[in-house]
Ligand SMILES: NC(=O)c1ccc[n+]([C@@H]2O[C@H](COP(=O)([O-])OP(=O)(O)OC[C@H]3O[C@@H](n4cnc5c(N)ncnc54)[C@H](OP(=O)(O)O)[C@@H]3O)[C@@H](O)[C@H]2O)c1
């Protein structure tokens, strides 16, 4: 791993896929509630083009965002895709007309999900597919995932998927999946204030596997902490930049996919790669999860 303006590079284990550590999460490009088209589709296209022009080459998506909308915007904005772009998508969920988030984890649903992603992204092979366990919402729940991981491994053998990852999983589920196939990344809920995966991150780092926090800025409930605001003011930057810079320093296998529907926020988030945090500031940030309810 090297340093650079977007946090340096990371290569997914045993792959030829190398990305900048600051990427982009596309969920915010759909309409409100991750449903339907955005108010301004041209603005959504502009965000993706600005991100890739700035060097972002890791985009996170799902065909059930919208549904279909996010992938269609990615295709409109970036197709034909730059050779170094890694699009990571996920399977395991669906959005019925009541706009809820439901599991879609039967072999038939997973296979159909791969084909939906291929069709809407305009690809013949998906770079990385995460199996997203619906669990108890945005936190994992124990339970076997062997059937689903075997389906993904078979789709990989068929050439429709290059590499496999997991999302919203427990350490036991990671180990279970690794007994079936190689896992290149894990995407779980984690940020400065929500640090349930500290041990898992360190374990994956030892194996060279990427840990990609979803809700790096707090997601639907933006991070808010008086310590964070105070420290950002002391450094002369924004709280969100400090939160992202802290994640980059937390572990070298952490890749960022902050989501935004605003070009100004995108620029701010990408600039977090250039922020240096002193040991004192890092220690104060480390204390946030233990001492504050955010
Ligand atoms: N695997 C999973 O189950 C799962 C679940 C959720 C998300 N994800 C992925 O993770 C990505 C990141 O998660 P997320 O987008 O939900 O949450 P997030 O990145 O933690 O936060 C996004 C929210 O923060 C705001 N924001 C972004 N940059 C900001 C800035 N510089 N200053 C102030 N506000 C800012 C955005 O609003 P604006 O639009 O106004 O900037 C949006 O409301 C998603 O895009 C998606 O690809 C995966």
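Observations
- FRET efficiency, residue 50 to residue 99 (Cβ-Cβ, R0 41 Å, nearest 0.05): 0.90
- Rounded to the nearest 500, the helix-only mean residue ellipticity at 222 nm of the chain stands at -11000 deg cm²/dmol, with each DSSP H run of n ≥ 4 adding -39,500 (n - 2.57).
- Mean separation of Cα contacts under 8 Å, 6 or more apart, over the residue count of region 172-294: relative contact order %: 29
- Modelled spin labels at residue 196 and residue 274, positioned 7 Å past Cα toward Cβ, are 3.7 nm from each other.
- When peptides 36-45, 245-254, 120-129 are sorted by average Cβ neighbour count within 10 Å, with the highest value leading, the order is 245-254, 120-129, 36-45.
- Radius of gyration over Kirkwood radius for the chain, both on Cα atoms: the Rg/Rh ratio is 0.94.
- For the chain, relative contact order (Cα pairs under 8 Å, six or more residues apart, normalised by length) works out to 18 percent.
- Extension gain for residue 43-residue 227 works out to 62.9 nm (0.36 nm per residue, less the C-alpha to C-alpha distance).
- Here each label is just a point 7 Å from Cα along the line to Cβ, and for residue 35 and residue 203 those points are 3.7 nm apart.
- Multiplying the residue separation of residue 283 and residue 178 by 0.36 nm and removing their Cα-Cα distance gives an extension gain of 34.4 nm.
- Site pair residue 264 and residue 112 shows an inter-label distance of 4.2 nm when each label is modelled 7 Å from Cα along Cα→Cβ.
- Ordered by the number of other Cβ atoms lying within 10 Å of each residue's own Cβ, fewest first, 133, 186 fall into the sequence 133, 186.
Bear in mind that the values in this text are calculations on the coordinates, not laboratory data. Everything numeric in this text was worked out from a predicted model, so none of it was measured. All Cβ positions, glycine included, derive from the backbone under ideal geometry; neighbour counts span all protein chains shown.
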